[in-house]
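Encoded as structure tokens, the structure appears first; notes follow it.
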Amino acid sequence: MTSYASLPEPGPTITIEDFLKFKEFFYRRTGISFEATKRYFVDKRLVERIEATGTGNFRGYFTMLRFQASGEELQQLTNLMTVNETYFLREEYQFQCLVNSILPEIVRQKTNSNAIRIWCIPSSSGEEPYSIAMYLLEHWSGIREWDVEIISSDIDTSILRRARAGRYSSRSVQHIPAPWLKKYFKVIGEEYQLCSDIREAVEFTRVNLSEPTETLSYRNFDVIFCRNLLIYFDDISRQTAAETFYEAMNPGAFICLGHSESMSRISSLFKVRKFPEAIVYQKSLETK
Ligand SMILES: C[S@@+](CC[C@H](N)C(=O)[O-])C[C@H]1O[C@@H](n2cnc3c(N)ncnc32)[C@H](O)[C@@H]1O
């Protein structure tokens, strides 16, 4: 007779109904919308967390996700569900636009303060806000006169830890010119450690862009970079994001999106500005 005693226990399974329930819940919490084509990606991570938490099956895990007071498990899972792809000087033409076109216009508009506030959301592991900091130092003479603040946010707490540490792979730094690499990084084994001056120029914060209570204190920005996030949202969460940005921006402020993202399709709150280097969006100067 065959003995079944040594057969491994079957792992937890995620049914289509479970996937749909989770998809709706996660969308409401984060704005991220998973299509059916992402099912394998989602199921794999759910199974991983069901096993790690010892909740045994989707039902038990889903109850924990929804009712755990600390929200710790939702954060753990969110960290696994996000796509953090990024690298230094990605879509560099926008940084050229920042120093050649956007900042000169902002500076002309400013009469009552010498502070320029830049919000970079999502930051992922920090390559984008750090690229902005280096770009300003290297290419913008106004850096000496203006008090530039760069605040960079992401929903993913583990990627923010990596951003603050500022240690990168050779793939991540591959587009950085050699003199900048030499000036701003120290090679440690196979990795590149960003110097503390640049790291200290950026403040990293955890923010869920889809949760209005979390963005309330983000105000008075002159420039916002929101690149390669809206592609993970559906039209409704994109619209909410546009309204959040509008509230966060000074009159006359600018917003830069990723190359495959467009604000005009989502919202009429901003006007399109076509600069020689890039197309960006602007909040009207007349509004308050
Ligand atoms: C593909 S990366 C883009 C990074 C960088 N802006 C770039 O273009 O290279 C997308 C990031 O969006 C973050 N993200 C996803 N949903 C978010 C939300 N609701 N609020 C804030 N950040 C979010 C993810 O954690 C991830 O790090």
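The values are calculated or read from the model by the stated rules, or taken from the named source; none is laboratory data. Since the model is a prediction, treat every value here as computed from it, not as a measurement. So basically every Cβ, Gly included, is an ideal-geometry build from the backbone, and we count neighbours across all protein chains shown. Calculation scope for accessible area: heavy atoms of the full protein, side chains included, ligands and nucleic acids excluded. Shrake-Rupley method; radii C 1.70, N 1.55, O 1.52, S 1.80 Å.
Rolling a 1.4 Å probe over the protein heavy atoms gives segment 73-213 an accessible area of 45 Å² per residue.
Candidates Thr63, Ser172, Tyr93 compared by Cα position along the dipole of the chain: farthest toward the positive end lies Tyr93, with charges placed on Cβ.
For the chain, relative contact order (Cα pairs under 8 Å, six or more residues apart, normalised by length) works out to 17 percent.
Looking at the chain alone, DSSP beta bridges between its own residues are antiparallel in about 40 percent of cases. Across segment 24-39, computed HN-Hα scalar couplings (Karplus, 6.51 cos²θ - 1.76 cosθ + 1.60, θ = phi - 60°) run 5, 4, 5, 4, 5, 7, 10, x, 7, 10, 8, 7, 4, 5, 9, 4 Hz from first to last residue, x flagging Gly and Pro.
Among beta bridges from DSSP that stay inside segment 150-210, the antiparallel ones total about 55%. Shape analysis of segment 96-212 places it in the oblate category; the axes a ≥ b ≥ c from the Cα gyration tensor give an a/c of at least 1.5, with a/b not above b/c. Counting only heavy atoms of the protein chains and using a 1.4 Å probe, Phe185 has close to 20 Å² of accessible surface.
Counting heavy atoms of the protein chains alone, Asp234 has an accessible area of about 40 Å² for a 1.4 Å probe. Taking all protein chains as they are arranged and a probe of 1.4 Å, the heavy atoms of His139 leave approximately 100 Å² accessible to solvent.
Taking the accessible area of segment 95-241, probe 1.4 Å, and keeping the other protein chains in place, the carbon and sulfur fraction comes to 48%. Proximity of backbone amide H atoms, modeled 1.01 Å from N, is registered between Ser123 and Ser153, Asp154 at under 5 Å, excluding neighbours fewer than 5 places apart on the same chain.
Compactness of the chain is given as radius of gyration and Dmax, 21.6, 89 Å, from Cα positions. Length available on full extension from Ser141 to Arg108: 0.36 nm per residue minus the Cα-Cα distance, which gives 10.4 nm.
Per residue, segment 1-67 exposes 68 Å² of accessible surface when a 1.4 Å probe is rolled over the protein heavy atoms with every protein chain present. Given a Förster distance of 45 Å, report the FRET efficiency between Ser217 and Thr13 from their Cβ-Cβ distance, rounded to the nearest 0.05. It comes to 0.60.
Could you tell me the calculated FRET efficiency between Phe41 and Ser196, based on Cβ-Cβ distance and R0 = 25 angstrom, to the nearest 0.05?
Values: r = 36 Å, r/R0 = 1.45.
The pair Phe41/Ser196 has a calculated efficiency of 0.10.
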